[in-house]
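Have a look at the structure below, then the notes.
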Amino acid sequence: NAGVTQTPKFRVLKTGQSMTLLCAQDMNHEYMYWYRQDPGMGLRLIHYSVGEGTTAKGEVPDGYNVSRLKKQNFLLGLESAAPSQTSVYFCASGDSLAKNIQYFGAGTRLSVL
Amino acid sequence: LAKTTQPISMDSYEGQEVNITCSHNNIATNDYITWYQQFPSQGPRFIIQGYKTKVTNEVASLFIPADRKSSTLSLPRVSLSDTAVYYCLVGGLNYGGSQGNLIFGKGTKLSVKP
């Protein structure tokens, strides 16, 4: 039972490079989320999706794009990475709008030099 | 938004009961209260969720007073492995699909000592 899988686990980028983080869930959940977590901070919502083909902005969406072409996958893209995007990125999924219990992946640690 | 307030940190010893209180004065009628646990270098893990009164599972208990303006996570007989950050989350996505109250805050860092 894999749950929520994030790839890659680690990545180092140079300023201006682009990359895509992949999140896959095998629980048939409707809702998926991307968060970032900086040292000593809580999680901040970047983008989220309420179903296949839908995306919406969260608290800190600037500099990121997302896509949800398949229900099980949620991609987070950085078109032109900046040092301020150095962070740990977590993906989550959930199956209830009202109760909103989320299941998280192990995270992707990204460094932008 | 239902902003939550938790203590930044707490210390305890093995075998003690730990109670972490979260204040959420602006909780909405439809909001559930959810607690997560996060170990270093891991994603948060769901612990317990409640709407009112008391909820208990194999890991913790959650006490919610009648006015629902606060909640208390109770961890019985903690061990060293309970050292983690605990987040209180109130509400979530709204039915209109908007972000709603998906704000985790900084959480409470619990340190359990031998």
Can you name the number of the only condition in (1) within 11 Å of chain B (Cβ to nearest Cβ); (2) assigned to a strand (DSSP E or B) that A:T54 fails?
(2)
Here are the criteria: (1) among the hydrophobic types (A, V, I, L, M, F, W, C); (2) touching a residue at least 12 places away in the same chain (Cβ under 8 Å); (3) more than 9 Å from chain A (Cβ to nearest Cβ). Tell me which single one B:V85 does not satisfy.
(3)
Condition first: at pLDDT 95 or above and in a loop (DSSP other than H, G, I, E, B). Now tell me which residues in the stretch A:97-113 satisfy that.
A:G105, A:A106, A:G107, A:L113
Qualifying residues in the stretch A:11-46 (those that are assigned to a loop (DSSP other than H, G, I, E, B) and without any contact (Cβ under 8 Å) to a residue 40 or more places away in the chain) - the one surrounded by the most Cβ atoms within 10 Å (Cβ to Cβ):
A:G42
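May I ask you to list the residues in the stretch B:20-46 that are touching a strand residue (DSSP E or B) at 6+ places or on another chain (Cβ under 9 Å), exposed (fewer than 13 other Cβ atoms within 10 Å of the Cβ) and away from every other protein chain (no Cβ under 11 Å)?
Matches in the stretch B:20-46: B:N25 only.
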How many residues are more than 19 Å from B:T83 (Cβ to Cβ) and either of a type outside the set (G, A, S) or within 10 Å of the chain's Cα centre (by Cα) (or both) if we restrict to the stretch B:24-49?
11
Kindly indicate which of B:K109, B:K54 is in contact with a strand residue (DSSP E or B) (Cβ under 9 Å, 6 or more places away or on another chain), over 23 Å from A:V4 (Cα atoms), within 10 Å of another protein chain (Cβ to nearest Cβ) and in a strand (DSSP E or B).
B:K109
For the stretch B:1-18, check the following and say yes or no: at least one residue is assigned to a loop (DSSP other than H, G, I, E, B), among the polar types (S, T, N, Q), in contact (Cβ under 8 Å) with a residue 40 or more places away in the chain and touching a Ser or Thr at 6+ places or on another chain (Cβ under 8 Å).
yes
Filter the stretch A:67-96 down to the residues that are more than 9 Å from chain B (Cβ to nearest Cβ) and in a strand (DSSP E or B) and list them by number.
A:S67, A:N73, A:F74, A:L75, A:L76, A:G77, A:L78, A:S87, A:Y89, A:S93
Restricting to the stretch A:16-53, name every residue that is more than 23 Å from A:I101 (Cβ to Cβ) and in contact with a Ser or Thr (Cβ under 8 Å, 6 or more places away or on another chain).
A:G16, A:Q17, A:S18, A:D38
Scanning for something within 11 Å of chain B (Cβ to nearest Cβ), under 24 Å from B:C88 (Cβ atoms), under 12 Å from the mean Cα position of the chain (by Cα) and hydrophobic (A, V, I, L, M, F, W, C), does the stretch A:33-41 turn up at least one residue?
no
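The values are calculated or read from the model by the stated rules, or taken from the named source; none is laboratory data. The shown structure was predicted, so the numbers you read here are calculated from the model rather than taken from an experiment. Cβ: placed from backbone, ideal geometry, glycine included. Neighbour counts: every protein chain shown.
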